[in-house]
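Student: Here it is, the structure in full.
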Amino acid sequence: MIEEGPELDAYSRTKAEAERVVKEELEGARTTWTIVRPTCVFGPGIASWTTTPLQMIKKGRPLIFGLDGGNGRLNVVHVDDVVRGMIAAAAAEGAAGEVFNLGGEEMTFREFYEALGAIVNKAPVYGASKTTRGFGELTRKLGRVLRPAAELSRGIGMALRMSANEAAYPGAKAKECFGYEPQTGFGEGLMALETGTGGGERVMWSNDRHFAIRPWAGVEPGSAEELSRALRRGEERRIKAIGSLHAFAPLPDTEGLVVSLRRMKRVLAVEGTLVTAEGGITIGELNHELARHGLALPTHGSFVAQTLAGAIATGTHGGALALGTLADCVEALEIVRADGERVVVRKQEADFDGAVVSLGLLGVTASVSVRCVPEFYLRAETEVMPFEAFLAQFDALQRENEFTDARWFPQVGVVEVLRMNRVAPPAWAPVVTPVKPASPAHRRMVSSVFKNLLRGIGATGSAKLNASFVRKTIGTTYKARVGRCDELLAFTDLSQGEPFPIDDLEYAVPYGRTAEALRALEAHFRGGGRMPVFFPVHLRCSAAGGQWLCANHGQPVCWLEFWQYPAAPQFYTEIAEVLARFAPRYHLGKILPRSGRGGERELAPLNLPRLAEFRALRERWDPTGALLNSYVGPLLGIEEREFKN
């Protein structure tokens with residue numbers, strides 16, 4: 001029984017009193033009693049732990065529990081599990097005269113509130129314990145003369161205690177007596193909160209770039225088992241997985257069921273250099289865990305906020321001619337298909353090279369096994385050189401350096417080059433000064449200034465003005481330094497500026513034709529073709545790989561990346577026409593150019609030799625087309641079926 005005391009709040013006192021009355025009134029009577037104590041109950045229609053905090057988050061009000069950022073722990077249980085537990089307790093012979101806890105899933109307040117915040121697309125605001133404690137002291141003093149103030153003071157004390165809680169909630173007794181075990185996980189339970197909302201009433205997930213997702217429902221599973229159950233409950237709706245939403249193309253867009261992987265980010269196993277991690281872990285988080293084991297990824301992109309599953313599924317790459325993409329480091333992956341079936345695909349199996357870079361069209365990637373390497377250190381050196389000098393050294397730069405990254409500024413005819421090569425671990429720990437993320441207000445201000453600058457340059461059409469601003473950035477892109485490999489490979493920092501919809505196109509031309517392709521572009525620009533506004537052309541190379549939908553399939557490539565803001569369709573069409581004779585392929589996670597000859601609707605050819613085989617693979621894995629959407633189907637030439645949304 002809950003122990004009463006002078007500081008116990010009214011809610012707890014009434015529960016304790018109710019238990020006492022039941023026991024006393026039924027003592028010696030024929031009617032038996034059983035008491036169940038649920039933890040924090042959530043689900044449809046539950047005010048205390050669902051609708052009320054949802055409304056507070058939506059309105060930006062500080063939350064009462066989980067003060068100071070929500071690091072305390074709580075136990076949440078879905079209302080369906082509570083009902084099942086109560087029915088089981090009532091029917092169990094050994095439950096009479098006993099008290100049972102009915103719990104669910106342990107988590108922090110932060111994890112709980114952030115998941116609720118995702119439903120209303122808003123970050124939770126946390127109250128401060130210092131302020132709350134001061135208010136509690138004031139009400140305690142007022143409580144000497146005003147009884148309501150005394151009750152409020154006790155309630156504040158409960159909020160402070162709960163917010164700092166570290167204790168677990170024991171539930172073994174219920175399991176032993178009547179087999180109680182929660183069946184609805186937290187992420188799965190959230191899905192029911194969205195049923196019947198109409199989807200289009202609000203934005204549920206957005207990447208602040210090119211698309212916003214308005215789904216029928218959302219689910220945030222915490223494990224492969226929970227993910228499998230959630231998909232089985234999808235009721236023949238369309239399904240798309242999302243990670244960090246770094247993609248520039250609307251690959252995850254859907255009006256059906258969205259599966260967020262942000263709660264699936266554990267490292268599951270480390271066996272020598274083979275590391276298995278859940279698909280929702282970001283590259284940055286995985287790098288941190290690998291460093292604890294003296295390991296590193298062989299390669300990755302310059303931006304590490306992508307999830308592992310998302311980076312692999314879209315063919316994310318770095319800049320090393322001796323290495324392929326991150327997908328080429330994969331040894332196995334577990335995919336949960338649209339019908340909930342869990343499938344493990346391993347290297348050398350027939351479907352493997354079609355399954356790794358799959359754009360999410362085969363299922364939701366629950367976990368990935370990556371072949372890592374021992375941790376290593378790099379020295380980064382930078383140089384600015386004329387365009388022709390860069391072309392003369394191009395092949396040597398790629399072959400003589402472990403990692404090479406270059407930014408060509410055709411507006412002024414120079415290339416900024418970053419070379420990174422392995423060095424012995426230094427006797428001293430390299431000093432890496434952490435960059436404090438800018439405040440939201442600062443980020444918005446930087447974003448606004450930058451957007452207006454780009455609009456202004458583009459509106460004037462002045463080549464001199466464009467070149468003038470470009471010159472101010474040359475030599476500032478890369479840093480010369482020594483550090484752990486993952487710290488140097490991750491040189492793109494978006495923490496100081498608010499993301500906004502910069503268009504990103506990335507071509508891959510056969511490596512042996514790179515110089516020819518760059519000269520063709522240079523001639524186009526100098527001959528009166530549209531120049532990039534402000535941004536450089538980003539150049540990296542990759543070795544040949546085996547993934548069917550990846551641009552480096554079967555051949556080494558040079559990636560040519562173009563950034564633009566505002567959108568410049570005519571610029572993209574001109575670039576597509578210049579590069580068409582080089583049989584380019586594309587990074588399918590970026591936006592794609594349209595053919596100028598065939599009209600705005602005609603996509604440039606993908607030039608993927610095994611595209612037909614991938615279509616057949618997708619048909620076998622997802623025969624109902626549950627994982628398609630209106631973007632990716634036409635992209636790959638897949639006919640969509642009618643499907644419930």
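Student: Could you please give the count of residues in the range 375-407 that are open to solvent by 20 Å² or more (accessible area, probe 1.4 Å) and in a loop (DSSP other than H, G, I, E, B)?
Tutor: Going through the range 375-407 one residue at a time, the tally reaches 3.
Student: If you don't mind, another one. Going by what's in this entry, would ILE335 be described as assigned to a helix (DSSP H, G or I), within 19 Å of the chain's Cα centre (by Cα) and either at pLDDT 95 or above or over 21 Å from LYS590 (Cβ atoms) (or both)?
Tutor: no
Student: Go through ALA305, ALA313, ALA327, ALA309 for me and flag whichever is under 19 Å from the mean Cα position of the chain (by Cα) and open to solvent by 40 Å² or more (accessible area, probe 1.4 Å).
Tutor: ALA305
Student: Report yes if some residue within the range 408-430 is aliphatic (A, V, I, L, M), outside any loop (DSSP other than H, G, I, E, B) and touching a Pro at 6+ places or on another chain (Cβ under 9 Å); otherwise report no.
Tutor: yes
Student: I'm trying to understand the selection: among the residues of the range 58-78, which are of a type in the set (D, E, K, R) and either at negative phi or assigned to a strand (DSSP E or B) (or both)?
Tutor: Once the filter is applied, which keeps residues that are of a type in the set (D, E, K, R) and either at negative phi or assigned to a strand (DSSP E or B) (or both), the range 58-78 yields LYS58, LYS59, ARG61, ARG73.
Student: Of all the residues that make up the range 68-93, how many are under 28 Å from TYR126 (Cα atoms) and either at pLDDT below 90 or open to solvent by 70 Å² or more (accessible area, probe 1.4 Å) (or both)?
Tutor: 5
Student: Can you tell me which residue in the range 227-254 is modelled with the highest pLDDT, limited to those that are open to solvent by 30 Å² or more (accessible area, probe 1.4 Å) and under 19 Å from the mean Cα position of the chain (by Cα)? Even if it seems obvious, please write down each step before you answer.
Tutor: Of all residues in the range 227-254, those open to solvent by 30 Å² or more (accessible area, probe 1.4 Å) come to 229, 232-233, 235-237, 241, 243-244, 246, 250, 253.
Now restrict to residues that are under 19 Å from the mean Cα position of the chain (by Cα): 241, 243-244, 246, 250, 253.
Numbers: ALA241: 90, GLY243: 84, SER244: 83, HIS246: 82, PRO250: 87, ASP253: 86.
Filtering first and then ranking leaves ALA241.
Student: Additional query: Would you mind stating whether VAL368 is in contact with a Leu (Cβ under 7 Å, 6 or more places away or on another chain), part of a strand (DSSP E or B) and without any contact (Cβ under 8 Å) to a residue 40 or more places away in the chain?
Tutor: no
Student: Restricting the search to the range 99-126, which residues are assigned to a loop (DSSP other than H, G, I, E, B), modelled with pLDDT of 90 or more and in contact with a helix residue (DSSP H, G or I) (Cβ under 7 Å, 6 or more places away or on another chain)?
Tutor: Residues satisfying the conditions are GLY104, PRO124.
Student: For the range 359-374, does any single residue satisfy the condition of being open to solvent by 30 Å² or more (accessible area, probe 1.4 Å), farther than 21 Å from ALA543 by Cα and in contact with a helix residue (DSSP H, G or I) (Cβ under 7 Å, 6 or more places away or on another chain)?
Tutor: Among the residues of the range 359-374, not one is open to solvent by 30 Å² or more (accessible area, probe 1.4 Å), farther than 21 Å from ALA543 by Cα and in contact with a helix residue (DSSP H, G or I) (Cβ under 7 Å, 6 or more places away or on another chain), which makes the answer no.
Student: So which residues in the range 532-560 are crowded, with 19+ Cβ neighbours inside 10 Å, in a loop (DSSP other than H, G, I, E, B) and among the aliphatic types (A, V, I, L, M)?
Tutor: VAL533, LEU549, ALA551
Student: Pairs needed: first member in the range 568-584, more than 26 Å from PRO556 (Cβ to Cβ) and open to solvent by 50 Å² or more (accessible area, probe 1.4 Å); second member anywhere, part of a loop (DSSP other than H, G, I, E, B) and among the acidic types (Asp, Glu); C-beta distance under 8 Å; at least 6 residues apart or different chains.
Tutor: Hits for this filter: PRO569/GLU600.
The values are calculated or read from the model by the stated rules, or taken from the named source; none is laboratory data. No experiment lies behind these values; they were computed from the predicted model shown. In this analysis, Cβ positions are derived from the backbone assuming ideal geometry, glycine residues included, and neighbour counts consider all displayed protein chains. The area values use the complete protein model at the heavy-atom level, side chains included, leaving out ligands, DNA and RNA. Shrake-Rupley method; radii C 1.70, N 1.55, O 1.52, S 1.80 Å.
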